[in-house]
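Contents: one structure, followed by commentary.
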Amino acid sequence: MRKPDEGRNRVVIQNVKPELDCGRFPIKRIAGEMVVVEADVFCDGHDSVRAQLLWKREDAKAWETTAMRPLGNDRWQAEFLVDEIGRYLYTVAGEVDHFGTWRADLKKRLAARQELSIELQNGALLLDAAAMAAKGPDTVILRKKAEELRHGGQEAANIALADELAEIIERYSGLAPVTTYDRELAVTVDRERAGFSAWYELFPRSWSRVPGKHGTLRDVTERLEYVAEMGFDVLYLPPIHPVGRSFRKGKNNSVQAQPDDVGSPWAIGAKEGGHTAILPELGTFEDFARLVERARALEMEIALDIAFQCSPDHPWVKEHPEFFKHRADGSIQYAENPPKKYQDIYPLDFESSNWTGLWTELKGVFSFWIDKGVRIFRVDNPHTKAFPFWEWAITELKAEHPDVLFLAEAFTRPRVMERLAKLGFSQSYTYFAWRNTKEELTQYMKELTQTELREYFRPNFWPNTPDILTETLQHGGLAAFRSRLVLAATLAANYGIYGAAFELGEHRPAAPGSEEYLNSEKYEIKVWELDAPWSLKPLITRLNRARRENAALHNNESIHFHTVDNSNIICYSKYAMAPGEDENLLLAVVNLDYFNTQSGFVNLDLDVLSLGPDEEFVLEDLLADREYFWCGARNYVELRPQEFSAHLFRIRKRISTV
């Protein structure tokens, strides 16, 4: 091993947190949040060290610096604010603190009543060196103090130990060789909607005011207030592109389509165009522009589904046959998951000889819709496309449009989902739909919020989707829909529902043991009875209002689970503290038994809630306009699934009138 270029760097920096895969990937934050950084910083021997956090916007030339605080056992901590969307960089630097070491030793020598003249002169030399690095009045002060130390005596010792002198020295680093961590770490900073959002999914073709008639984008625009009134801020549309005719699927996924069958929107591409075209039956680009504008006026955004797959009629099949995998007989390989066959879908080949052309075309699809005003994309099955493509495309697109967001629809293996999040997806679908018991929900939330996942994986909880009708919803009745709704909207800051199907409690499976819907909207135009008396719209509206009005529900990390002596009842709290304002503290209590009344005693962790052991407090139920008065840790709850499946309490401390 050859000698290092600078062998006087004695400081070691290690175990920097947060750091993903040795700095390979950026962590994520929302604009306005703090990035808290910790590191082990130490050196050989008994010398003191100083640690600095360095940070900047990626495009800035100069680093900002913040002194790190010692936490004990050579661990240091500091934080910085990321107040703009884009990318930031951060790292850690350390140096031997010769003045701090000298000062600490001087205290020991004073206590031992040792002779100090030489030590004070040594200190004067340190001040001379600091004066050379100092600026302005500090230079004069340091030189003066150095001369006073040289005169010796008790007064000189008092000067050396004064906090004022230490504060001046602290301002100037580089008095000893500086060690900088061997990598720069990155932060991707997104806008607020990446961290807090409520999604509503609808199929435009089912939103005509005339039952059975093919709906249009204009129909959606005219009825958009219906969604806005419930408090959703993201309207998600499945693919709106031309649907292929070849091998078109019929109702209930039949392989034999009838002449009037509309097919699956995910079979993208026809003679009218591909991923940058609109199905003529839905309308025109002018209609789409009006929808985007109307959504913006209602404080909503349009999210588009991007599904990178093609029907046999897609223009790319003729223009770029090399984008697809071919079989031995020369035909293009359609999608298969043996023994299932999907002849209406051609998957793309990411090992194509023209992979660079393929990447450019796919990125161009995003750019096209971004130019049309779309800033949120739900990406269909991203785990079946090449990881390097996503890292390149998302990085390029966010460099050009830092406000664009991507939701990964990837119900797949954990490591694959995590990789997609690291590659740049802003939000991710999760396993929430299949987490049902108190133990499952508790452990899953702890995994998402108390492990490294919290640094980069933003969960988006969906109790149902057009592809997923869980056994719980099939058999639990409306009580299951109510409880799962409350859980999704309060456990996670981002959540969504497959709209009308969820509102109306659609629960009929295509077959026993299947999670597919009977008469699925994926293959036919539906008529939804949105004004049905059993609609969950009132509860959804209340819940979304509570989410908007309570900052505690805008985060995931503050969640804390409280014990209940009944395994069928789950209880958890969240909190938020705004600068200059009172703490916003919420408590959710949910019945996980959808058939029977459940009761029990909640045992609150009062320290988490900042409550005293005998303190009385008010619980305002945000879902039922009721108030309850509790005292201390142990309190009784009772939930009847046919009436109230859950409580969502805002905690208020009682104000004494005495």
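What the table shows:
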| quantity | calculated |
| --- | --- |
| So Ala393, is it under 21 Å from Tyr236 (Cα atoms), in contact with a helix residue (DSSP H, G or I) (Cβ under 6 Å, 6 or more places away or on another chain) and crowded, with 17+ Cβ neighbours inside 10 Å | no |
| Filter result for the condition that a residue is open to solvent by 10 Å² or more (accessible area, probe 1.4 Å) and in a helix (DSSP H, G or I), over Leu478, Leu485, Leu473 | Leu478 |
| Filtered residue count, the stretch 253-304, keeping only those that are closer than 25 Å to Gln343 by Cα and either open to solvent by less than 20 Å² (accessible area, probe 1.4 Å) or of a type outside the set (Phe, Trp, Tyr) (or both) | 30 |
| Meets criteria (under 33 Å from the mean Cα position of the chain (by Cα), open to solvent by 10 Å² or more (accessible area, probe 1.4 Å) and free of Cβ contacts under 8 Å to residues at least 40 places away in the same chain) for Ala228 | no |
| Residue check for Thr188: farther than 30 Å from Gly496 by Cα and within 33 Å of the chain's Cα centre (by Cα) | no |
| Matching residues, the stretch 426-456, being touching a Lys or Arg at 6+ places or on another chain (Cβ under 8 Å) and in contact (Cβ under 8 Å) with a residue 40 or more places away in the chain | Ser426, Gln427, Leu441, Leu448, Glu455, Tyr456 |
| Pairs where the first residue, in the stretch 292-305, is more than 16 Å from Leu407 (Cβ to Cβ) and the second is of a type in the set (S, T, N, Q), C-beta under 8 Å, 6+ apart | Arg294/Thr221 |
| Matching residues in the stretch 111-124 - criterion: being touching a helix residue (DSSP H, G or I) at 6+ places or on another chain (Cβ under 8 Å), outside any loop (DSSP other than H, G, I, E, B) and open to solvent by 20 Å² or more (accessible area, probe 1.4 Å) | Glu119, Gln121, Asn122 |
| Criterion (touching a His at 6+ places or on another chain (Cβ under 9 Å) and at pLDDT below 90) met by exactly one of Ala129, Ala133, Ala156 | Ala129 |
| Test: residue in the stretch 639-650 that is under 27 Å from Leu536 (Cα atoms), surrounded by 13 or more Cβ atoms within 10 Å (Cβ to Cβ) and of a type in the set (Gly, Ala, Ser) | yes |
| Sole exception among (1) touching a helix residue (DSSP H, G or I) at 6+ places or on another chain (Cβ under 7 Å); (2) in a helix (DSSP H, G or I); (3) under 24 Å from Pro641 (Cβ atoms) for Glu440, by number | (1) |
| Residues satisfying the stated conditions in the stretch 498-543, i.e. under 32 Å from the mean Cα position of the chain (by Cα) and aliphatic (A, V, I, L, M) | Ala500, Ala501, Leu504, Leu530, Leu536, Leu539, Ile540, Leu543 |
| Residue in the stretch 609-629 that is over 29 Å from the mean Cα position of the chain (by Cα) and of a type in the set (S, T, N, Q) present | no |
| Subset of the stretch 574-604 [farther than 21 Å from Arg435 by Cβ, of a type outside the set (Val, Ile, Thr) and open to solvent by 60 Å² or more (accessible area, probe 1.4 Å)] | Tyr575, Met577, Pro579, Gly580, Glu581, Asp582, Glu583, Phe601 |
| Residue in the stretch 605-614 that is free of Cβ contacts under 8 Å to residues at least 24 places away in the same chain and open to solvent by less than 60 Å² (accessible area, probe 1.4 Å) present | yes |
| 2 or more residues open to solvent by 50 Å² or more (accessible area, probe 1.4 Å) and touching a Ser or Thr at 6+ places or on another chain (Cβ under 8 Å): qualifying strands (runs of 3 or more DSSP E) within the stretch 1-52 | none |
| Qualifying positions in the stretch 320-378 - in contact (Cβ under 8 Å) with a residue 60 or more places away in the chain, in contact with a Pro (Cβ under 9 Å, 6 or more places away or on another chain) and either among the aliphatic types (A, V, I, L, M) or open to solvent by less than 30 Å² (accessible area, probe 1.4 Å) (or both) | Asp344, Ile345, Arg378 |
| Exclusive hit being touching a residue at least 12 places away in the same chain (Cβ under 8 Å) and in contact with an Asp or Glu (Cβ under 8 Å, 6 or more places away or on another chain), set Ala51, Ala31, Ala39 | Ala31 |
| Those residues of the stretch 241-250 which are part of a loop (DSSP other than H, G, I, E, B) and surrounded by 22 or more Cβ atoms within 10 Å (Cβ to Cβ), in sequence order | His241, Pro242, Gly244, Arg248, Lys249 |
| Residue tally, condition assigned to a strand (DSSP E or B), of a type outside the set (A, V, I, L, M, F, W, C) and open to solvent by 50 Å² or more (accessible area, probe 1.4 Å), over the stretch 67-110 | 4 |
| For Asp403: the one exception among (1) assigned to a loop (DSSP other than H, G, I, E, B); (2) at pLDDT 95 or above; (3) farther than 28 Å from Arg29 by Cβ | (3) |
| Check on Lys363, in a helix (DSSP H, G or I), closer than 19 Å to Trp266 by Cα and charged (D, E, K, R) | yes |
| Options Ala166, Ala186, Ala160: the member that is in a helix (DSSP H, G or I), in contact (Cβ under 8 Å) with a residue 24 or more places away in the chain and surrounded by fewer than 23 Cβ atoms within 10 Å (Cβ to Cβ) | Ala166 |
| Matching entry among Ala624, Ala633 (being within 27 Å of Phe232 (Cβ to Cβ) and open to solvent by 10 Å² or more (accessible area, probe 1.4 Å)) | Ala624 |
| Flag for Ala421 being at pLDDT 95 or above, closer than 18 Å to Phe196 by Cβ and in a helix (DSSP H, G or I) | yes |
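The values are calculated or read from the model by the stated rules, or taken from the named source; none is laboratory data. Here the structure is a predicted model, which is why all the values come from computation and not from measurement. Ideal geometry is used to build each Cβ from the backbone, glycine not excepted, and the neighbour counts take in all protein chains shown. Ligands, DNA and RNA are excluded from the accessible area calculation, which covers all protein heavy atoms including side chains. Shrake-Rupley method; radii C 1.70, N 1.55, O 1.52, S 1.80 Å.
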